[in-house]
Amino acid sequence: MNPEVQAWFTQWSAEDQAVLLKLREALVAQLPEGFEETINYGMLGYVVPHRLYPQGYHVDPTLPLPFIAITKQKHYYAVYHLGIYAFPELSAWFESEYQDRYGRLDHGKSCLRFKNKEKIPYELLGILASKISVGQWIAAVEANSPRKR
């Protein structure tokens, strides 16, 4: 874990650190090769680095292309997975799997919200992280790029 990431964890309570570390471990264990860990927008994130996608994030090309981010919000733990926005079938799969195990999923277009830490599906989130490679993510971004419109 790089020093910037280590420092990010220190802002949280011991309880929140434990949950966020467990989320990190689940994602890192399953993320396909090529994604890199960083801090973006104050969150722990997994991105496509500029060396693999020099164009960067269309909103701010100085930033790497984001893919997944995790953080603690005021009332919940959040996992921002941009792939579930880009791939509706992936979103439907995750929601169905979650519902079968825990009940109704609280989510937005790319945000998964977990108010109850006992209902965070670490293993399922790891599987979700594994389902899109760097190449697939770049292709999806390119296909929907506002630069092409």
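The sole residue among 36, 4 that is loosely packed, with under 15 Cβ neighbours inside 10 Å, among the charged types (D, E, K, R) and either in contact (Cβ under 8 Å) with a residue 24 or more places away in the chain or in contact with a strand residue (DSSP E or B) (Cβ under 7 Å, 6 or more places away or on another chain) (or both) is 4. If you check residue 46 against the conditions, is it touching a residue at least 40 places away in the same chain (Cβ under 8 Å) and of a type outside the set (A, V, I, L, M, F, W, C)? Yes: the conditions hold for residue 46.
Of the listed requirements (1) in contact (Cβ under 8 Å) with a residue 24 or more places away in the chain; (2) out of contact with any strand residue (DSSP E or B) (no Cβ under 7 Å at 6 or more places or on another chain); (3) not in a helix (DSSP H, G or I), residue 104 misses just one: (1). Among residues that are closer than 15 Å to residue 110 by Cβ, touching a Gly at 6+ places or on another chain (Cβ under 9 Å) and either surrounded by 17 or more Cβ atoms within 10 Å (Cβ to Cβ) or aliphatic (A, V, I, L, M) (or both), residue 70 is included. If the requirement is being farther than 25 Å from residue 12 by Cα, buried (at least 20 other Cβ atoms within 10 Å of the Cβ), at pLDDT 95 or above and aliphatic (A, V, I, L, M), which of these qualifies: 52, 44, 65, 31? Testing whether each residue is farther than 25 Å from residue 12 by Cα, buried (at least 20 other Cβ atoms within 10 Å of the Cβ), at pLDDT 95 or above and aliphatic (A, V, I, L, M) leaves just 65. If you go through the stretch 13-20 one residue at a time, do you hit one that is in contact (Cβ under 8 Å) with a residue 12 or more places away in the chain, under 19 Å from residue 111 (Cα atoms) and crowded, with 16+ Cβ neighbours inside 10 Å? Taking every residue of the stretch 13-20 in turn, at least one turns out to be in contact (Cβ under 8 Å) with a residue 12 or more places away in the chain, under 19 Å from residue 111 (Cα atoms) and crowded, with 16+ Cβ neighbours inside 10 Å.
The values are calculated or read from the model by the stated rules, or taken from the named source; none is laboratory data. Bear in mind that the values here come from a model prediction, so they are computed numbers and not experimental data. Here Cβ is always computed from backbone atoms with ideal geometry, including for glycine, and neighbour counts include all displayed protein chains.
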